[in-house]
Structures are given as structure tokens and as C-alpha cells.
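Quick notes on the structure that follows.
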């Protein structure tokens, strides 16, 4: 029998009526903009399943826009997120996908364009009690919850890159809780996600980036 904590029963501190549809949506978008690692200039949210059916009534839309601006689940500005986004010049829109059925009921694809023109797609699922998981980054299937401090490394799938990442973390005394590598195909773009149960040193990103096969390093704190 699975253990359920009192916090999952009570739900998270949040703005909005639903831990899955409001808090979870805000958390997904919050993680997505952290992964982009620069302010979002334009964003398209593609909604599936239950998200698609109830996104306006449950405040999923406002939660997503708030999260993409870096508002956490307790931030009262989520109620005015549309107005704030327009004031900041952020272009946002929502699309409904009723064709794809093989997805979690509370799923959103977030297509972002940053202020530098950088593009990224993140797929997130709200799995209940305010908990979420990121399951896709661009064209690669990944798994990332945002519950731990994490470093996300984009690199070429080459020998020695994983050992370089772990050495950089070990040299800084980082205790690795989870480490996973995801890739498009052998020798192509890969993502290594390392989660730690302690705060990651700011300088570790530059040290990892020193490897010639590494193209991007993002540190995401919970």
C-alpha cells in the first residue's frame, strides 16, 4: 500500500481552487521557465485531457501564465497574471488538443521563446496534490520532478561527459540523489539531469560548461 503524507491529503499552500489544476499548473510553468534560463518573451500552452476541459474554470490558464513569469503557487499575483503578462509585453496563448489520447489527463506542452530568441518545449504533468513531473524537453523524453535541487546539462552524447559532470559535482562536495541521462539517439543531443538533496553551488554550472561537448547548463532550485 502506497504511503500518502499529510501534506498530500491537505494539499499545498496555493492560490486557486485545485491542487492539480491550479497549483500543479503553476509549478509546471515555473519549472519550464527555469529550464529556459532566461525571461520568456512568448509562450504557447497546448492543453490535453482534463486541463483542456476545465482550464478556464479552474484557473489553470492564469496559473500557467503566472508560473511562466516565475510566480510560485502561493503568489497572489496569479489572479492578475494575464494583466501582468500583457504589461510586461509577454505574448501568450492557449490551444486545445483533443486528438492525442495517450497522455496523462493533466498534461500541458509549453512552447517558449526567450528574450534572446532561444526556443524550448517542455511537457509537464500534474499528478495530484500539487506534485508534478516534467516528461519531455524538446524532442527527448525525460523525467524530472523539481522536488530537489537539480542541474540539467545539454550535451552531445559522447564518452566522458557523464564522468566530467559527476567529477565537477564531487569536487564541490555535492551529494547526488538521482542521476539520469536521456538522449535523442546514439551520438546525438543528450540531457543529463542530476538531482541533489542539498543546494547546488552557483559556480558548478560554469565548471560543467567547460567541457567542449556541453552546450548548456541550467541549475534549478526547488
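Only the coordinates and a few stated rules stand behind these numbers; no lab work does. Since the model is a prediction, treat every value here as computed from it, not as a measurement. Positions of Cβ are backbone-derived with ideal geometry, glycine not excepted, and every protein chain shown enters the neighbour counts.
Only Cα pairs under 8 Å and at least 6 apart count here; give the relative contact order of the chain as a rounded whole percent.
Reported relative contact order: 20 percent.
How far apart, in nm, are the 7 Å Cα→Cβ label points at residue 116 and residue 206?
That separation, rounded to one decimal, is 1.5 nm.
Express the relative contact order of the stretch 8-138 as a whole percentage, based on alpha carbon pairs under 8 Å and six or more residues apart in sequence.
Reported relative contact order: 36 percent.
Okay, helix-only estimate at 222 nm for the chain: each DSSP H run of n ≥ 4 adds -39500 (n - 2.57), divide by all residues, round to 500 deg cm²/dmol; what do you get?
Calculated from helices alone, the mean residue ellipticity at 222 nm is -7000 deg cm²/dmol.
Pairs of Cα atoms under 8 Å, at least six residues apart: use those to get the relative contact order of the stretch 149-220, whole percent.
Computed value for the stretch 149-220: 49 percent relative contact order.
Order these by the 10 Å Cβ neighbour count, fewest first: 178, 30, 191, 148.
178, 148, 191, 30
Considering the chain as a Gaussian network with a 10 Å cut-off on Cα pairs, which listed residue, 31, 47, 181, attains the greatest mean-square fluctuation?
181
Suppose the chain between residue 215 and residue 176 were pulled fully straight at 0.36 nm per residue; how much longer would it get relative to their current alpha carbon spacing?
Extra length available between residue 215 and residue 176 comes to 11.9 nm.
Mind checking which of 54, 154, 107 has the largest fluctuation in a GNM of the chain, springs on alpha carbons under 10 Å?
54
Taking a ≥ b ≥ c as the square roots of the Cα gyration tensor eigenvalues, with a/c under 1.5 meaning rounded and otherwise prolate when a/b beats b/c, else oblate, which class fits the stretch 40-148?
Judged from the Cα gyration tensor, the stretch 40-148 comes out rounded (a/c under 1.5).
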